[in-house]
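*Asks:* Before I ask anything, let me first share the structure, which is written out below as structure tokens.
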Amino acid sequence: MATLHVDVVSAEELIFSGEATFVALPGENGELGILPRHTPLITRIKPGAVRIQRADNKEEEFVFVAGGILEVQPGVVTVLADTAIRGHDLDEAKATEAKKMAEEAMRNAKSDIDLAAAQGEFAAMAAQLAAIQKLRRK
């Protein structure tokens, strides 16, 4: 069975490194599915869930990323995430509170820069909450 090596890294740490049979993640222009021997590709990714089908035990690893860059080479997938959180470390209460704070910041923005920053944080928290819901359904 063909596999590919997957690395998911953030500025803080290596989140996942291992062999997989499939990877799915939110690309800039829609959901991407990567299989072994995929055509080389570099693209930005949006906040959302990275799903990794492990080759060793067929379990699905789940990682939330808050944006970043995806690089695909014939046998290697590298996700360079702005922020990455393992699925089991996601905290729904914290994400809900951060989303509320971002909504408040959008209402109180004094400049376009403040508004854009608050909108970015709101989008990331909304994506994180959606990822938590997706993980719960698994």
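The values are calculated or read from the model by the stated rules, or taken from the named source; none is laboratory data. This is a predicted model, so every value here is computed, not measured. Positions of Cβ are generated from backbone atoms using ideal geometry, with glycine treated the same way; all protein chains shown enter the neighbour counts.
*Asks:* Hey, can you tell me all the residues within the range 105-117 that are in a helix (DSSP H, G or I) and either of a type in the set (Val, Ile, Thr) or more than 16 Å from Gly67 (Cβ to Cβ) (or both)? Give the steps one after another, and end with the answer.
*Replies:* Going residue by residue through the range 105-117, those that are in a helix (DSSP H, G or I) are 105-107, 112-117.
Of everything in the range 105-117, those that are in a helix (DSSP H, G or I) and either of a type in the set (Val, Ile, Thr) or more than 16 Å from Gly67 (Cβ to Cβ) (or both) turn out to be Ala105, Met106, Arg107, Asp112, Ile113, Asp114, Leu115.
*Asks:* Return the only residue of Ala126, Ala93 being part of a helix (DSSP H, G or I), over 22 Å from His5 (Cα atoms) and in contact with a strand residue (DSSP E or B) (Cβ under 9 Å, 6 or more places away or on another chain).
*Replies:* Values: Ala93 fails: in contact with a strand residue (DSSP E or B) (Cβ under 9 Å, 6 or more places away or on another chain).
Answer to the check: Ala126.
*Asks:* From the residues in the range 51-67 that are without any contact (Cβ under 8 Å) to a residue 40 or more places away in the chain and in a strand (DSSP E or B), which one is farthest from Ala117 (Cα to Cα)?
*Replies:* Of the range 51-67, the ones without any contact (Cβ under 8 Å) to a residue 40 or more places away in the chain are 51, 53-54, 56-59.
Filter once more, keeping what is in a strand (DSSP E or B): 51, 53-54.
On the way: Arg51: 27, Gln53: 34, Arg54: 35 Å.
Checking each candidate, the answer is Arg54.
*Asks:* When both residues are 6+ apart or on different chains and their Cβ atoms are under 6 Å apart, which pairs have a first residue that lies in the range 82-94 and is acidic (Asp, Glu), and a second that is surrounded by 13 or more Cβ atoms within 10 Å (Cβ to Cβ)?
*Replies:* Asp82/Ala66; Asp82/Gly67; Asp82/Gly68; Glu92/Ile132
*Asks:* Being without any contact (Cβ under 8 Å) to a residue 12 or more places away in the chain and of a type in the set (Gly, Ala, Ser) is the filter; apply it to the range 95-125 and report the residue that is nearest to Phe62 (Cα to Cα).
*Replies:* Gly120
*Asks:* With respect to Asn108, is the statement that it is modelled with pLDDT of 85 or more, over 21 Å from Val9 (Cα atoms) and out of contact with any Cys (no Cβ under 6 Å at 6 or more places or on another chain) true? Reasoning before the result, please.
*Replies:* Details: modelled with pLDDT of 85 or more: no; over 21 Å from Val9 (Cα atoms): yes; out of contact with any Cys (no Cβ under 6 Å at 6 or more places or on another chain): yes.
The answer is no for Asn108.
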